[in-house]
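To start, the structure under review is shown below, and the notes come after it.
Where a number appears in this text, it was derived from the coordinates with a stated rule and is not lab data. Note that the coordinates shown come from a computational prediction; the quantities given were computed from them, not determined experimentally. Glycine also receives a Cβ, built like all others from the backbone with ideal geometry; neighbour counts cover every protein chain displayed.
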Amino acid sequence: MKLLIIIVAKEDASKVTTGLIKEKYSVTKLATTGGFLMSGNTTLLVGTSDDKVDHVIEVVKHYSKTRKKFVPNSIPNEIGVFASYPIEVQVGGATIFVVNIEQLIKV
């Protein structure tokens, strides 16, 4: 048995969750914050058998997309004043942790 801890951007959370449920996976959804931009994201917990891990990952890949975003970047100039220049960063996608578990019990 495996536990997949899936962290996705909040923009993709509903699509990923719906896609996993459509494929008959049980999903627990947690609202979380963190990452590079300290932005809102969602952590999904999915317990499944070893042979279905790759399928769960494929579903997540299908529904979670990366996107580009401009964020402020403060740079000090020669007189100590910070000037803000936007820089483009890649956000979104998913981070997936696959953890061995001894049991999955539903009561």
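Listing for the model above:
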quantity	calculated
Search result, residues across the range 44-68 that are in a helix (DSSP H, G or I) and within 14 Å of K22 (Cβ to Cβ)	H55, V56, E58, V59, V60, H62, Y63
Options L4, L30: the member that is surrounded by 16 or more Cβ atoms within 10 Å (Cβ to Cβ) and out of contact with any His (no Cβ under 8 Å at 6 or more places or on another chain)	L4
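Every residue, every condition in (1) among the small types (G, A, S); (2) surrounded by fewer than 19 Cβ atoms within 10 Å (Cβ to Cβ); (3) closer than 15 Å to V98 by Cα; (4) within 10 Å of the chain's Cα centre (by Cα), yes or no:
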{"position": "S14", "(1), (2), (3), (4)": "yes, yes, no, no"}
{"position": "T18", "(1), (2), (3), (4)": "no, yes, no, no"}
{"position": "T42", "(1), (2), (3), (4)": "no, no, no, yes"}
{"position": "D54", "(1), (2), (3), (4)": "no, yes, yes, no"}
{"position": "I57", "(1), (2), (3), (4)": "no, yes, yes, no"}
